[in-house]
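**Q** Sending over a structure as structure tokens; questions will come in a sec.
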Amino acid sequence: MSIPTIDSWTPPGIRTTAPAQAAPAGKPGDVVRSTEITDRPEARMASAARVFDVTYLSADSHGNLVEVKGSVSVPKKNPGPGGWRIMAWDHSTMGLGDDCRITDTLGKDPRGSRDKWLGQWLRDNYVIAATEYQGIGGPGVHAYLDGPVAGKNTLDMVRAARTVVTRYVGTPISNAFVSYGGSQGGHASLWSNHLAGSYAPELKNAATIAHSVPTGLADYFAAIRPGFPNVVIPDYVTYFSYVLAGLKVARPDIDVDAYLTPTGRKVVKDAERLCYAESGPATKGLTVGRLVSKPLTDGPLLPALRQYARVPTSGYGAPILIQQGYLDVVSFTPLSEQFVSQLRANGVDVTYRTYPDQRHGLSTAQVLQSVTWSNSRRTWPR
């Protein structure tokens, strides 16, 4: 018997339209809309058999259920006895605006490098469940580095992927997953591990891989004040504006604009829509010292930022691999090493690997090490 396609069949419990001007009905991880996009060249990596664009329900910074975008890429190989495993992919910084989506354009890569490293998960029989994070391509503004929200978005994307694969592809799929991401994505992946046991107990978090993770963010934001000199951090103004734009979303009680010059207010407002590739040219020649009107240590902003952008140092239910470029000046090695030491002191199962010649991000060969590490985990259901 042939399996119905997503366009010809709507399974029970799956809504095809959201109610207008109302909060979506349902529970976290429910699929709102799904469309097969395999025939779009920009959507399908070479190693994917089928790709689905997915809209599902997950949390925003205020605990509301909202629509979140993502995609599901399906392997070409048949699954093993336990069904396909799931890799929950958390993308790195792409921007905050609706046009900054990446999950439905994973095949748009002229050099083919994305399929070399992300496609290896498919070749090793993982379904890729990729979230866009709340606010990117959906309602509201994306709260950049709001870890609890990104972690829930990741876990709900795994739930949505299981629905899509089971009901539309008709192939067995495990409840076990590994979360994986770099930079912003590494931050999100760690939070999904931290939250998995309480938020999604029906899932089995087998492992987490995070590289180039922004830890201790508030520690170097504390130095920012009017006249702060230019620094060697690439696109520092972009990151600064994204963080403060996200803080405004998550903590409307903090008057972020009171810390900003007119130029700073414009840059932070523009950050709500500018994608990463656009923000650099738009802020060329600016320094963070020109954006602030008083030190960020004055008043409540820095304590709020410290709480907002934190990464837990305990409470992880699955082993972690952290990869760090030693020359990274965006996610500083000393802060990453401090974070790893805290994890180990708290009994967390963490493997730490550094690369002496690497900056922010990793080479394809180093990324592929993470797939091998994931495959070897004894925490996978047997």
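**Q** Do we find a residue being among the basic types (Lys, Arg), under 23 Å from ALA206 (Cβ atoms) and either in contact (Cβ under 8 Å) with a residue 24 or more places away in the chain or in contact with a strand residue (DSSP E or B) (Cβ under 9 Å, 6 or more places away or on another chain) (or both) anywhere in the stretch 357-371?
**A** no
**Q** Could you check the stretch 169-204 and list, in sequence order, the residues that are part of a strand (DSSP E or B), of a type in the set (Gly, Ala, Ser) and under 18 Å from the mean Cα position of the chain (by Cα)?
**A** Of everything in the stretch 169-204, those that are part of a strand (DSSP E or B), of a type in the set (Gly, Ala, Ser) and under 18 Å from the mean Cα position of the chain (by Cα) turn out to be SER179, GLY181, GLY182.
**Q** Quick check, is GLY347 buried (at least 19 other Cβ atoms within 10 Å of the Cβ), modelled with pLDDT of 85 or more and of a type in the set (Gly, Ala, Ser)?
**A** Working: buried (at least 19 other Cβ atoms within 10 Å of the Cβ): no; modelled with pLDDT of 85 or more: yes; of a type in the set (Gly, Ala, Ser): yes.
No: the conditions fail for GLY347.
**Q** Turning to a different aspect of this structure: Would you be able to say whether some residue in the stretch 277-293 is modelled with pLDDT of 95 or more, within 25 Å of the chain's Cα centre (by Cα) and surrounded by 17 or more Cβ atoms within 10 Å (Cβ to Cβ)?
**A** no
**Q** Here are some conditions: (1) among the charged types (D, E, K, R); (2) touching a helix residue (DSSP H, G or I) at 6+ places or on another chain (Cβ under 6 Å); (3) surrounded by fewer than 24 Cβ atoms within 10 Å (Cβ to Cβ). ASP146 meets all but one. Which one does it not meet?
**A** (3)
**Q** Has the stretch 346-353 got any residue that is within 21 Å of TRP121 (Cβ to Cβ), out of contact with any Ser or Thr (no Cβ under 7 Å at 6 or more places or on another chain) and charged (D, E, K, R)?
**A** yes
**Q** Within the stretch 276-299, does at least one residue satisfy the condition of being touching a residue at least 24 places away in the same chain (Cβ under 8 Å) and in contact with a Cys (Cβ under 8 Å, 6 or more places away or on another chain)?
**A** Within the stretch 276-299, one or more residues are touching a residue at least 24 places away in the same chain (Cβ under 8 Å) and in contact with a Cys (Cβ under 8 Å, 6 or more places away or on another chain).
**Q** Another question, then. Of the residues in the stretch 207-227, how many are at pLDDT below 95, among the hydroxyl-bearing types (Ser, Thr, Tyr) and buried (at least 21 other Cβ atoms within 10 Å of the Cβ)?
**A** Residues meeting the conditions: 2.
**Q** Checking the structure you have, find out if any residue of the stretch 58-72 is touching an Asp or Glu at 6+ places or on another chain (Cβ under 7 Å) and part of a loop (DSSP other than H, G, I, E, B).
**A** Scanning the stretch 58-72, I find at least one residue that is touching an Asp or Glu at 6+ places or on another chain (Cβ under 7 Å) and part of a loop (DSSP other than H, G, I, E, B), so the answer is yes.
**Q** While we're on this one: Scan the stretch 247-267 for residues that are surrounded by 16 or more Cβ atoms within 10 Å (Cβ to Cβ) and touching a Gly at 6+ places or on another chain (Cβ under 9 Å) and jot them down.
**A** Correct list: VAL249, ILE254, TYR259.
**Q** Please give the helices (runs of 4 or more DSSP H) falling wholly within the stretch 248-360 in which 3 or more residues are of a type in the set (Val, Ile, Thr).
**A** 262-270
**Q** Just need a number here: residues in the stretch 28-41 that are part of a loop (DSSP other than H, G, I, E, B), over 22 Å from the mean Cα position of the chain (by Cα), closer than 20 Å to GLY170 by Cβ and of a type outside the set (S, T, N, Q).
**A** Of the residues in that region, 1 qualify.
**Q** While we're looking at this one, here's another question. The conditions are (1) modelled with pLDDT of 95 or more; (2) crowded, with 17+ Cβ neighbours inside 10 Å, and VAL237 fails exactly one of them. Which is it?
**A** Here VAL237 meets the rest and fails (1).
**Q** Give the residue, chosen from ARG50, ARG85, ARG44, that is assigned by TED's automatic domain parsing to the domain that holds THR208, in a loop (DSSP other than H, G, I, E, B) and basic (Lys, Arg).
**A** When all the criteria are applied, what remains is ARG44.
**Q** Given the conditions (1) farther than 26 Å from ASN125 by Cα; (2) modelled with pLDDT under 85; (3) surrounded by fewer than 18 Cβ atoms within 10 Å (Cβ to Cβ), which single one is not true for THR379?
**A** THR379 satisfies every listed condition except (1).
**Q** Within the stretch 91-111, restricting attention to residues that are among the charged types (D, E, K, R) and in contact with an Asp or Glu (Cβ under 8 Å, 6 or more places away or on another chain), which residue is surrounded by the most Cβ atoms within 10 Å (Cβ to Cβ)?
**A** Result: ASP104.
**Q** Does SER314 fit the bill of being loosely packed, with under 15 Cβ neighbours inside 10 Å and free of Cβ contacts under 8 Å to residues at least 12 places away in the same chain?
**A** Details: loosely packed, with under 15 Cβ neighbours inside 10 Å: yes; free of Cβ contacts under 8 Å to residues at least 12 places away in the same chain: no.
Judged against the criteria, SER314 is not a match.
**Q** Looking at the structure I just gave you, is VAL66 in contact (Cβ under 8 Å) with a residue 40 or more places away in the chain, surrounded by fewer than 24 Cβ atoms within 10 Å (Cβ to Cβ) and touching a helix residue (DSSP H, G or I) at 6+ places or on another chain (Cβ under 8 Å)?
**A** Here the answer is no, as VAL66 does not meet what is asked.
**Q** May I pose another question? Within the stretch 316-331, can one find any residue that is of a type in the set (Phe, Trp, Tyr) and under 20 Å from ALA223 (Cβ atoms)?
**A** No.
The values are calculated or read from the model by the stated rules, or taken from the named source; none is laboratory data. Treat the numbers as computed from the prediction; the structure is a model and nothing was measured. Quick reminder, even Gly has a Cβ in these numbers, built from the backbone with ideal geometry, and neighbours come from all protein chains shown.
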